[in-house]
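Reading through the structure tokens given below for one structure.
The values are calculated or read from the model by the stated rules, or taken from the named source; none is laboratory data. All figures in this text were calculated on a predicted structure; none of them were measured in a lab. Virtual Cβ from ideal backbone geometry, glycine too; neighbours counted across all protein chains shown.
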Amino acid sequence: MATPLTPHLDRLLPTSPEVRAIARELFAQVEHLPIVSPHGHVPAQWLSEDQPFGDPTSLLISPDHYLTRLLHSAGVPLETLGVGGHVLDEAGSRAAWRTFCDHWPVYRGTQVRYWIENELAGIFGITERPSADSADRIYDALCARLAEPAYRPRALFDRFGIEVLATTDDPCDNLVHHEKLAADETFTGTVVPSFRPDRYLEPGRPDWNTLVDALGAAADTPVDTWAGFLDALRARRRYFIEHGAVSADHSHADVVTVVLEPAEAGRLYDAARAGTATPEQTTALRRHLLTEMAGMSVEDGLVMTLHPGIYRNHSSATLRSFGPDSGHDIPMQVEFTRGLQPLLDRYGLEQDFHLVLFTVDETTFSREIAPLAGFYPSVYAGAPWWFIDAPDAVRRYRAAITDDIGFYRTSGFIDDTRAFCSIPARHDMSRRLDCGFLAELVAEHRIELDEAQELAVQLVTDIPRKAFKL
Amino acid sequence: MATPLTPHLDRLLPTSPEVRAIARELFAQVEHLPIVSPHGHVPAQWLSEDQPFGDPTSLLISPDHYLTRLLHSAGVPLETLGVGGHVLDEAGSRAAWRTFCDHWPVYRGTQVRYWIENELAGIFGITERPSADSADRIYDALCARLAEPAYRPRALFDRFGIEVLATTDDPCDNLVHHEKLAADETFTGTVVPSFRPDRYLEPGRPDWNTLVDALGAAADTPVDTWAGFLDALRARRRYFIEHGAVSADHSHADVVTVVLEPAEAGRLYDAARAGTATPEQTTALRRHLLTEMAGMSVEDGLVMTLHPGIYRNHSSATLRSFGPDSGHDIPMQVEFTRGLQPLLDRYGLEQDFHLVLFTVDETTFSREIAPLAGFYPSVYAGAPWWFIDAPDAVRRYRAAITDDIGFYRTSGFIDDTRAFCSIPARHDMSRRLDCGFLAELVAEHRIELDEAQELAVQLVTDIPRKAFKL
Amino acid sequence: MATPLTPHLDRLLPTSPEVRAIARELFAQVEHLPIVSPHGHVPAQWLSEDQPFGDPTSLLISPDHYLTRLLHSAGVPLETLGVGGHVLDEAGSRAAWRTFCDHWPVYRGTQVRYWIENELAGIFGITERPSADSADRIYDALCARLAEPAYRPRALFDRFGIEVLATTDDPCDNLVHHEKLAADETFTGTVVPSFRPDRYLEPGRPDWNTLVDALGAAADTPVDTWAGFLDALRARRRYFIEHGAVSADHSHADVVTVVLEPAEAGRLYDAARAGTATPEQTTALRRHLLTEMAGMSVEDGLVMTLHPGIYRNHSSATLRSFGPDSGHDIPMQVEFTRGLQPLLDRYGLEQDFHLVLFTVDETTFSREIAPLAGFYPSVYAGAPWWFIDAPDAVRRYRAAITDDIGFYRTSGFIDDTRAFCSIPARHDMSRRLDCGFLAELVAEHRIELDEAQELAVQLVTDIPRKAFKL
């Protein structure tokens, strides 16, 4: 009755027998190498407290907007999935799991299907395909596993082979969980914070004044002047660096940058604080602040990463009911060449400055990102992100940039995930795709086998370590 | 002497033997399934009157701008092809056919070549390749076929296995041919109209006032007020629904939408009617009207389809001599994420609202359309349209969206054609490409064979029926 | 110890055995056909003077920004590579060569790797892979070759099988080297100039007045009026045509065109000459001048080629130290449909007008360029240019346009290179990729083998000859 769930050993590898053979050989080299995860969204608290995960739904479904949005598009109300603080009781949790299993076909062909299938089979030992019929059996099996010590966060962290895990944190965060982990001799992994100051850099937000005040308090620095505000940012960056941070992440609607005279920036800051700044002025200040952040990265060495071009919270009704990150952030066109010119003109040639460009607008890979990374020693072409962290899109990324800049100007893979259990599946997917791509290059005699062998390993070791200064 | 014309049984299937074997098996399931054609441009009159088609040129060449434009670009004057009302006599028709056959190489590698080859061989039993030498023999053979009863519109309709055919009609059309077909017991097919109100929604057109008057007359509704105008539109939609319509189609230069206050919309309507509206105002009114049409779709259930981003009538000299739809409509960039936000914010979560997004700007598939369709239950990712309804582009479409939204958020294939005889070839092309794509997913172990088998059938049955509420 | 350098006979051909066999057969037809190079940047002086090339670095590295930019992005200072007039002595030249060889891995997977590997092996007989270890041996071997008569420019020209080579020249150039070559009976090749007036068409440049004066002097035509300026341009175009030119090349930031009334154009010209024109006015005049150039092409028959959409000199510090063309030109989005409408509306249907559209924005291939070339007899879809003259990008180009316009509306390959020795490798790459693409079409039964055979040859003979009126 049950349909087996058996991820194939050759999944995602090229289908042509000659090329697949090369890809297999390359993948065998890297399949079990440790995971370097320099950008993601797993809460450090999970690892510091090491509490057992709850039920399968609250672990695997509710927090994963990749997964809930497709159910929503199929007509499933988000509240029945426990999204956005709609807490489910045991019956609700089981019902959500049934809904998910019943809708298994909606994931056919998707990245989510790839990940979840590999999680269920690879981590939890599930052997039958999700369906209305198998839902309860799988739910019960997952509950049983999650009660075992081997399924606690730290045990999984070890089992996943994670060497470095970066989290994403608010500049005001006291990083207590990172501190606890660092001080805990029983935890041998590395978990580092990342500085994510977006909200503080958007003077057009209605809550900006409150945020700036909080930043000043966290930094113990008066923020009544432009210089004080910059100092507060510097202080919090320093605090993050002291706690192991290697990067600062930025995600605004665009990557347009400007360079304002300090006096002008000060005037705009004062106006924004006084609530008298026009939208044009708050936008100009935000764009100048991105340049300032590059300057601070030059000073303090934090790798600067950009994740632009998302229309956040597209559905206001969904935002009201379920809060942000509930599956309705939608990509937009983005422009790097002109937008980043002021920033790069000022800092692009600086020694040891690293600027990693991510995008969900694939058109920029061959047109803008690769050409920039192929000239500026500071610029790295970031791995495909979010909607395009997916098999065919990853292949398009490699095909779009490799002709132009090869492999050493790229960031290496980042999983960027809140879904802790998807980390191995995501890295597995990336490794398979990269080995497949390298195998194609070998089969077309564009590189030699020994070069591909070296590259396959470097793509999961040296290359991310260099880009993120690990 | 004659070169044979023999479309290969494996045409368009993957070339790798292992993958081709899977694709063949999938295609065998769907090759002969009935055709569902929920959007196209075949005149209902052809079927209602069932007159024999004329000569080969007036059937296959003159009305098909896909075909005439490439001849034009090769230097052939459009008037010699019978384009835009330049009626050809028998000698002219034969000469045009010779020109076409003589230029057969210009179609090498194109979608048009695929379609016409399959029409000639599959429908008309032509067995030699078009060329200067074979032109007259083929012309004579076609004339002989077209004189046979088996080549009348209804006989072909049956032979093509068309289950549902949607036409595209002006809101003022009385739909007499649809009525006749519905009343005719000897015709067992389904031919439904589609509501296409573009012209009436563009207050910037010089002839808009005349159009609005005609709409009011057709609806028997006074249109001297904004409310009256909306009522007239509602009335005509109702009339179409009573005649079987399931969708309303919209094609403007962009898909920017706005929501105006009713009083403001009324003021703009009055100004537009009085001829005193500025271009900004008529554009705002057009954009608001698109939102209104979504609202009416929520009310009356018509599926809303969007076909934006075309620069119509690029060459004014060609427009003067040959009228619209003469091959010089050129795609432009289009933007959905911001443009549709006001409309979707108001109606995107409404029960049973269907909004199908088509595009000729491929960059929007992975960046905008799939992410929107992956969240809003109302949004469907439309099949590649017009210039990109072509083998490699269709593959890019599947590769661009499937990673993200799988198959069930897509529209299914639409042929969108005026070329009646190309309908089977177009659906055949789509089925082959989809089976090939599914076969690749199976061969890469991304889905299982049983899933691909189910999907191959659903893609030509349930999926278009659901998107278009058939 | 040495790793061999042996470009494979099947390099870049499809990897599937069945398809590769077809591709091999097609490639065998064209591998040794003469080279037609209708657009490039080799100095005519090299051929007219036929002096031995200098050291390997000044021949192969310093002038090739494709190659130096990747070294720069890897941290190598441009001055150590002899870029931008930083002349190297013998030790510096050898050191630069060592740096290049030591950084050989940065080119893995790139177009540059493909070219340079084929140059080293195919032209210079180098048999070991560049590396820190082999650098000096290769350098010495290259020096020895370059001292031989067989490695002088004209000998290489013959050995490369170049039939026609177009250079790119300033309108004020007296074309003395072209004259000498034409008059030299011992030189049997064809070397023609191309008219490249960009600088003279940009009234917003600070040095524009000086340039216009120089143009007037070169044309012996007073340029104190708009009519005089146009006459001076016409005169220089005539001079170029008399020296064999077949095309005029244009590369501005965008391809927006306008049509100004002559009186208005005159007013803007006078204001620009007087230094009183606003930026909007100089931009309008530049855009009108592009339309004027199309008009002159209609008059005098020069093929008009467009290479738009590059942000020139992105790094001002690099520009100051190393001048233009030093590797930091970065592509931007470009728009053709609306931008070229005024120009095409005026001249697009003119007999014998040829307008070849190149782009580094791949999104325009299927969306704009192919649709334009599929209607206007004047428009040709140019081969992928610069950053996208690379294996995967070339495949994307063919896949993006062939569905729509086949092969006869394309320009044929152009190498666009300053790197003389890369010409055979570049044409070899293009031929392999085109044969591979044709083989795929045959294997998918989209065209027949005899058609592919004819096309493979036409793509390197008739097609570029027709587009460039050779």
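Things worth noting here:
- Qualifying helices (runs of 4 or more DSSP H) (wholly inside segment B:321-435; at least 2 residues being within 12 Å of chain C (Cβ to nearest Cβ)): B:391-405
- Entry remark, segment C:1-20: residues being of a type outside the set (A, V, I, L, M, F, W, C) and part of a loop (DSSP other than H, G, I, E, B) number 9 in total.
- Restricted to segment B:266-280, and to residues there that are hydrophobic (A, V, I, L, M, F, W, C) and buried (at least 17 other Cβ atoms within 10 Å of the Cβ), the residue that is nearest to residue B:168 (Cα to Cα) is B:272.
- For segment B:64-77, the count of residues that are part of a helix (DSSP H, G or I), more than 13 Å from chain C (Cβ to nearest Cβ) and farther than 30 Å from residue B:202 by Cα is zero.
Per-residue answers, yes or no, for (1) of a type in the set (D, E, K, R); (2) within 30 Å of residue B:229 (Cα to Cα); (3) crowded, with 19+ Cβ neighbours inside 10 Å:
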{"site": "B:137", "(1), (2), (3)": "yes, no, no"}
{"site": "B:150", "(1), (2), (3)": "no, no, no"}
{"site": "B:158", "(1), (2), (3)": "yes, no, no"}
{"site": "B:164", "(1), (2), (3)": "no, no, yes"}
{"site": "B:173", "(1), (2), (3)": "yes, yes, yes"}
{"site": "B:176", "(1), (2), (3)": "no, yes, no"}
{"site": "B:182", "(1), (2), (3)": "no, yes, no"}
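- Condition met for residue B:210 (more than 22 Å from residue B:157 (Cβ to Cβ), of a type in the set (Val, Ile, Thr) and at pLDDT 95 or above): yes
- In segment A:436-470, of all residues being in a helix (DSSP H, G or I) and more than 14 Å from chain C (Cβ to nearest Cβ), the one that is nearest to residue A:14 (Cα to Cα) corresponds to A:464.
- Residue match in segment A:389-401 (condition: in contact with a Leu (Cβ under 9 Å, 6 or more places away or on another chain), more than 19 Å from residue B:403 (Cβ to Cβ) and buried (at least 24 other Cβ atoms within 10 Å of the Cβ)): no
- Every pair of residues 6+ apart whose Cβ atoms lie under 6 Å, when the first sits in segment C:1-20 and is within 8 Å of another protein chain (Cβ to nearest Cβ) while the second is among the hydroxyl-bearing types (Ser, Thr, Tyr) and surrounded by 15 or more Cβ atoms within 10 Å (Cβ to Cβ): C:15/A:16; C:16/A:16; C:16/B:15; C:16/B:16; C:19/B:15
- Filtering segment B:409-422 for residues that are at pLDDT below 95 and either at positive phi or among the aliphatic types (A, V, I, L, M) (or both) leaves a non-empty set.
- Cβ-Cβ contacts under 6 Å between residues 6 or more apart (or on different chains), taken from a first residue in segment A:101-118 that is closer than 20 Å to residue A:80 by Cα to a second residue that is among the charged types (D, E, K, R), are listed as A:107/A:113.
- Unmet requirement for residue A:260, which otherwise passes all of (1) free of Cβ contacts under 8 Å to residues at least 24 places away in the same chain; (2) in a loop (DSSP other than H, G, I, E, B): (1)
- In the set A:190, A:168, only one residue is touching a residue at least 12 places away in the same chain (Cβ under 8 Å), within 30 Å of residue A:282 (Cβ to Cβ) and touching a Gly at 6+ places or on another chain (Cβ under 9 Å); that residue is A:168.
- When A:210, A:283 are checked against the criterion of being polar (S, T, N, Q), surrounded by fewer than 17 Cβ atoms within 10 Å (Cβ to Cβ), assigned by TED's automatic domain parsing to the domain that holds residue A:330 and farther than 19 Å from residue A:353 by Cα, A:210 stands alone in meeting it.
- Residue that is nearest to residue C:287 (Cα to Cα), among those in segment C:310-320 that are in a helix (DSSP H, G or I) and more than 9 Å from every other protein chain (Cβ to nearest Cβ): C:319
- Criterion violated by residue B:188 - all others in (1) touching a helix residue (DSSP H, G or I) at 6+ places or on another chain (Cβ under 9 Å); (2) modelled with pLDDT of 95 or more; (3) within 28 Å of residue B:465 (Cα to Cα) satisfied: (2)
- Residue C:362 vs. criteria surrounded by fewer than 24 Cβ atoms within 10 Å (Cβ to Cβ), in contact with a Ser or Thr (Cβ under 7 Å, 6 or more places away or on another chain) and under 30 Å from residue C:119 (Cα atoms): yes
- Enumeration of residues in segment B:101-129 that are within 14 Å of chain C (Cβ to nearest Cβ) and among the aromatic types (Phe, Trp, Tyr): B:104, B:107, B:114, B:115
- Residue check for residue A:94: surrounded by 21 or more Cβ atoms within 10 Å (Cβ to Cβ), of a type in the set (D, E, K, R) and either part of a helix (DSSP H, G or I) or away from every other protein chain (no Cβ under 14 Å) (or both): no
- The set of residues in segment B:232-253 that are of a type in the set (Ser, Thr, Tyr) and outside any helix (DSSP H, G or I) comprises B:247, B:251.
For (1) touching a Cys at 6+ places or on another chain (Cβ under 9 Å); (2) closer than 21 Å to residue C:33 by Cβ; (3) in contact (Cβ under 8 Å) with a residue 12 or more places away in the chain; (4) not assigned by TED's automatic domain parsing to the domain that holds residue C:245, each residue gets a yes or a no:
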site	(1), (2), (3), (4)
C:384	no, yes, yes, no
C:400	no, no, yes, no
C:409	no, no, yes, no
C:415	no, yes, yes, no
C:422	no, yes, yes, no
C:430	no, yes, yes, no
C:439	no, yes, yes, no
C:456	yes, yes, yes, no
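- Given (1) surrounded by fewer than 17 Cβ atoms within 10 Å (Cβ to Cβ); (2) in contact (Cβ under 8 Å) with a residue 12 or more places away in the chain; (3) in a helix (DSSP H, G or I), number of the condition residue A:224 does not satisfy: (3)
- Residue count for segment B:417-452, restricted to those that are buried (at least 19 other Cβ atoms within 10 Å of the Cβ) and under 28 Å from residue B:117 (Cα atoms): 23.
- Qualifying residue in segment C:236-256 (condition: without any contact (Cβ under 8 Å) to a residue 24 or more places away in the chain, under 23 Å from the mean Cα position of the chain (by Cα) and surrounded by fewer than 21 Cβ atoms within 10 Å (Cβ to Cβ)): yes
Table: residues versus (1) aromatic (Phe, Trp, Tyr); (2) out of contact with any helix residue (DSSP H, G or I) (no Cβ under 9 Å at 6 or more places or on another chain).
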position: C:414; (1), (2): no, no
position: C:419; (1), (2): no, no
position: C:434; (1), (2): no, no
position: C:440; (1), (2): no, no
position: C:443; (1), (2): no, no
position: C:453; (1), (2): no, no
position: C:456; (1), (2): no, no
position: C:464; (1), (2): no, yes
position: C:468; (1), (2): yes, yes
